[in-house]
1. Under 8 Å for C-alpha pairs, at least 6 residues apart: give me the relative contact order for the chain, rounded to a whole percent.
2. Bins of 5 Å, beginning at zero and ending with the bin holding the largest distance: percent of Cα pairs per bin for the chain, please.
3. With a 1.4 Å probe and every protein chain left in place, work out the accessible area per residue of the chain in Å², rounded to a whole number.
4. Find, among the GluC sites (Glu not before Pro) in region 90-152, those assigned to loop by DSSP (not H, G, I, E, B) with at most 15 other beta-carbon atoms within 10 angstrom.
5. On the first, second and third principal axes, largest extent first, how far apart are the outermost C-alpha atoms of region 28-151 in Å?
6. Sum -39500 (n - 2.57) across every DSSP H segment of at least 4 residues in the chain, then divide by the residue count to get the 222 nm mean residue ellipticity, nearest 500.
7. Amide H neighbours of A259 under 5 Å, at least 5 residues apart or on other chains, H built in the peptide plane: list them.
8. Which of rounded, prolate or oblate describes region 134-216 when judged by the alpha-carbon gyration tensor and an a/c cut-off of 1.5?
Amino acid sequence: MSFRAQDRLIGGVRHHIVEWPAAAPEKPHPVLLAHGFLDQSYSWIGVAEALSRAGYRTFAWDFRGHGRTDWCAEGGYYHFFDYIRDVDGLAEVLSPGRSFHLVGHSMGGTVCSLFAPLRPERLESLALIEGMGPPNRAAADAFDKAKTWFASLERYERRRQRVMTLDETITRMNLKPGTQMDPERARFLAEKATRPVPGGRTWRFDPLHRTTSPTLFMAESFASFVSRIETRTLVVRGEKGFRLPDEDAREAGLANARAVELPDVGHMLHWHAPEALAAELLAHFDH
């Protein structure tokens, strides 16, 4: 199924947005898909095609510093709440005047968890795909976190861009045959995740993302947002995915949620089990 792309200025940053048009008859509420850390909009293609066939106008975008969206200005940095502001601006552009279904994977799921209680009137439903936040850090870790951040910035300033062949990219992305990935789609995703440079290809994301954030992720603060989510929520886990020690407690904070686990799949559910994930999302949307 075809898709179309556009660039729009959101929050002062030029964002790359991909749309999969809805098959007729069109459902009344579109779907917005938020990717994870160092991922990209096009990685949702398998899920988005299934949703669009079911009548949902479906959008995905590259977060700032990812894919084809602009990097932050020289001397700037990526702060988590910038992503939340971007979701708010994107919603105004992509779903003006109507609520929408919001789906987030990994980092994107954490962003969506923080956005949802801030704009509950905008959401028709919420889905968190392996996206209940990173590991907890205690306040006492603040100094060590800042020290690590300084060291990572020094490494970043000395860093040279990695140059790879497309086959090496496919391997590094774990898209080789045998990982439930069609070879043609693996090549498509690898091409979209990289850009040509002399001697080969390099990642499209800003290498500044490879530095360690100075900001602590504190589960108690995250819980203050999660406990305020009233939107009907689906939590999707992979049987072989990431599992936090306190994940059950985080999920228990959701007032109106159900959880499902997809068998024999890891963290990148949307890459390796797109049809199964789309089926769960469609059941959730149509509930």
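1. Details: 534 pairs, mean separation 53.9, N = 287.
Reported as a whole number, the value is 19 percent.
2. All Cα pairs considered, the percentages come to 1, 5, 12, 16, 19, 18, 15, 9, 4, 1, 0, 0.
3. 47 Å²
4. Working: sites: E92, E121, E124, E130; in loops: E130.
Answer by residue number: there is no such site.
5. Cα spread of region 28-151 along its principal axes, largest to smallest: 50, 28, 26 Å.
6. Details: 10 runs with 98 residues, N = 287.
Calculated from helices alone, the mean residue ellipticity at 222 nm is -10000 deg cm²/dmol.
7. V235
8. Details: a/c = 3.93, a/b = 1.80, b/c = 2.19.
Oblate shape, in that a/c is at least 1.5 and b/c is the bigger or equal ratio.
The values are calculated or read from the model by the stated rules, or taken from the named source; none is laboratory data. Here the structure is a predicted model, which means the values were calculated and not measured. Note that each Cβ is placed from the backbone with ideal geometry, even for glycine, and that neighbours are counted across all protein chains shown. Calculation scope for accessible area: heavy atoms of the full protein, side chains included, ligands and nucleic acids excluded. Shrake-Rupley method; radii C 1.70, N 1.55, O 1.52, S 1.80 Å.
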